[in-house]
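The values are calculated or read from the model by the stated rules, or taken from the named source; none is laboratory data. In this text the structure is predicted, and so the values were computed from the model without any measurement. Cβ: placed from backbone, ideal geometry, glycine included. Neighbour counts: every protein chain shown.
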Amino acid sequence: MKLLFITVIFTSIRNALSVTDKGKYFILDNLPKEAYLFSTDDCTKTYICKSRKQTYWFFGHEIYDCYYRTETVDGSFGPSSREDPNQCSYKGYITIDGPCYYTSNCGDITIGKLDSYSARVYDIDNNYNRELTAYGWCSFAYKDDDANWMTKISNETRINQINIPGTHDSGTYVMDEIYEVFSAFFRMIWEKTQNLDIYEQLFKGIRYLDVGLETNEEKEIYLTHEKFDCYNKKTGEKYYLSDVFDEVIDFLHIYSNETVIIHMKNDNANIHNEDKDIYIYEEEKTTSNNPEKIKIPTNEQDMGNYEYYKRIADLSINNDKKKYDKLYKDYFYNGTDIFPSLGEVRGKIILFTRNDFIYKENDKKMQVGLKVSVPEMGDCDKEKWLDKPSVSVPNDGMIKIKKDADKHEICYPRTTNHTFSISSTLMSDYKILVQDDYNLLKKEKWAVINDLLNNDIPIATEIRNDTDYYLDIYGKDNKFTTKFYNDGDVLTINFMNMQAVWKIGRTIKGFAEYINNNLLSNVLNKSLHIHNKWMVMDFPSTEIIRKVRDSTD
């Protein structure tokens, strides 16, 4: 009886481990030859192999006779050193055009010519123009040119004249997989806004990335969403800003006709102002007659603002390290034109910042990238939108009102300028219109989006003096409003996202599905004229990304 019990337990353990092991590699049974596919446990490489054998005591399999690109890989790989390739980053999809092989430089064939087979890509070898799929290393044709759609656009076209698909809080694809169940659940429904990592988004056609930054006591700079850290599945660590830059450059190295806008914001950056003297009293050295002031930061572990922005500059525009065939910094646009031509920025990253990202270089103040502010529009909620306007604005007129959080007008799309002077009120400076009413519910949010896309809503410009804020409200037919629908040197950034935190029974995913479905059915599928608009979305589908990019005049 004891022997039978031990045998049953052993068999159960073996079967359980075998089931777990099978999930850690692919048996490529769609091929006429024996073949297996797996990624290393750190997701840095994906191997295709010819053979497997049962492990000692039959606990899973050892995989051997493996290849990595053109190299033969010695040794065998057990369950603990393998990972399911679908759990790591994949590089999009291709249409296979030709035979496939065990290695990227041909060699042994896995299957003969395949015509128009669609397959997921796990690795790319640009030296031999082949990609690793579940059929082996295959020649290919790009599917629907998602990765290189800007190739068809003229060099003379300015970036604001291209209708660009973007993602909101772009680095949130892993918010729920490394935490205890309770925390993971709320992160999933309230904080996760994307399913794909940065590289995958770019491969599918996204060209605008919205990136929130956080710092910690170790002075690391990484991505966050409302103080919740973002993680990188490929590294198992925080999603560092340097990871984002690396992934975008990896993409642009291959698809050098594209450009990518990264719009950075401080979500939870613990920094102090180095221009202000911050003092505390050290109690034991203080007397009523002679208090001794000691100058220290509010928190000794916080970074000063110049140090923080200098670090970002050193990761990007000042980075002299070599990456592929050129210096890292040469992958970044260094001009001052807010709307450069596509020809100027092909193969480059355009850095935008929501506020002044200013650092010092030899006592000279320098800006990281180009400042494009996004007005804070969180005061707009369902009640404000459904309220009647507080003033009647003629369609072709303008009225100045005092900014009031309780007024309907705070929901109107708002202009922002791109000058370094916050106090500038020259109308020529206001070339960018922003809609970011993230606290609305889905029906009201769609109403604002739809009105803006149909050129049927007043707009506002925020003006402030020494004591008060005002809104200049322009009627929907005022020439200042209509320039955003007609002129060539303007841009509208339309944020489609909504906040779901503490909205019981509501999720970001649910909000996104409602907005995206309406955008497809009511606008994009009706061939509505869309002029100079970037659309920033949560969970965008491949179809909606294609429709946005193809709506460019």
Looking for something buried (at least 17 other Cβ atoms within 10 Å of the Cβ), assigned by TED's automatic domain parsing to the domain that holds Ser392 and in contact with a strand residue (DSSP E or B) (Cβ under 7 Å, 6 or more places away or on another chain) - is there at least one such residue anywhere in the stretch 463-471? yes
In the stretch 312-322, the residues that are in contact with a helix residue (DSSP H, G or I) (Cβ under 6 Å, 6 or more places away or on another chain) and either among the charged types (D, E, K, R) or not in a loop (DSSP other than H, G, I, E, B) (or both): Leu315, Lys321
Being under 23 Å from Ile261 (Cα atoms), hydrophobic (A, V, I, L, M, F, W, C) and at pLDDT 85 or above narrows it down to one residue among Ala512, Ala447; which is it? Ala512
Enumerated strands (runs of 3 or more DSSP E) restricted to the stretch 59-128, each holding at least 1 residues that are at pLDDT below 90 and among the small types (Gly, Ala, Ser): 93-103, 106-120
Any residue at all in the stretch 145-165 that is within 25 Å of His61 (Cα to Cα) and under 28 Å from the mean Cα position of the chain (by Cα)? no
Does any residue of the stretch 529-547 turn out to be over 20 Å from Gln194 (Cβ atoms), in contact (Cβ under 8 Å) with a residue 24 or more places away in the chain, touching a Leu at 6+ places or on another chain (Cβ under 8 Å) and not polar (S, T, N, Q)? yes
Residue hits (the stretch 129-148; on the phi > 0 side of the Ramachandran plot and either modelled with pLDDT of 85 or more or of a type in the set (Phe, Trp, Tyr) (or both)) are Gly136
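Of all residues in the stretch 194-248, which are on the phi > 0 side of the Ramachandran plot and not charged (D, E, K, R)?
Looking only at the stretch 194-248, we keep the residues that are on the phi > 0 side of the Ramachandran plot, and these are 205, 219, 226-227, 236.
Correct list: Gly205, Gly236.
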Collect the residues in the stretch 511-528 that are touching a Lys or Arg at 6+ places or on another chain (Cβ under 8 Å) and either free of Cβ contacts under 8 Å to residues at least 24 places away in the same chain or over 23 Å from Tyr438 (Cβ atoms) (or both), keeping them in residue-number order. Asn525
Checked the stretch 324-359 for anything in contact with a Lys or Arg (Cβ under 9 Å, 6 or more places away or on another chain) and over 25 Å from Val490 (Cβ atoms); matches are Leu327, Tyr328, Lys329, Asp330, Tyr331, Ile358, Tyr359
The conditions are (1) over 28 Å from Ile249 (Cβ atoms); (2) crowded, with 18+ Cβ neighbours inside 10 Å; (3) basic (Lys, Arg), and Lys113 fails exactly one of them. Which is it? (2)
So, in the stretch 349-389, of the ones that are exposed (fewer than 15 other Cβ atoms within 10 Å of the Cβ) and polar (S, T, N, Q), which residue ends up farthest from Asn497 (Cα to Cα)? Asn362
Within the stretch 239-296, which residues are farther than 23 Å from Glu218 by Cβ, modelled with pLDDT under 50 and part of a loop (DSSP other than H, G, I, E, B)? Asp277, Glu282, Thr286, Thr287, Ser288, Asn289, Asn290, Pro291, Glu292
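A quick yes/no check of all residues on (1) of a type in the set (D, E, K, R); (2) outside any strand (DSSP E or B); (3) in contact with a strand residue (DSSP E or B) (Cβ under 6 Å, 6 or more places away or on another chain); (4) surrounded by 19 or more Cβ atoms within 10 Å (Cβ to Cβ):
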{"position": "Asn439", "(1), (2), (3), (4)": "no, yes, no, yes"}
{"position": "Asp451", "(1), (2), (3), (4)": "yes, yes, no, no"}
{"position": "Asn455", "(1), (2), (3), (4)": "no, yes, no, no"}
{"position": "Thr461", "(1), (2), (3), (4)": "no, no, yes, yes"}
{"position": "Ile473", "(1), (2), (3), (4)": "no, no, yes, yes"}
{"position": "Asp477", "(1), (2), (3), (4)": "yes, yes, no, no"}
{"position": "Phe484", "(1), (2), (3), (4)": "no, yes, yes, yes"}
Inside the stretch 129-171, the number of residues satisfying the requirement of being over 25 Å from Val434 (Cα atoms) and in a strand (DSSP E or B) is 11
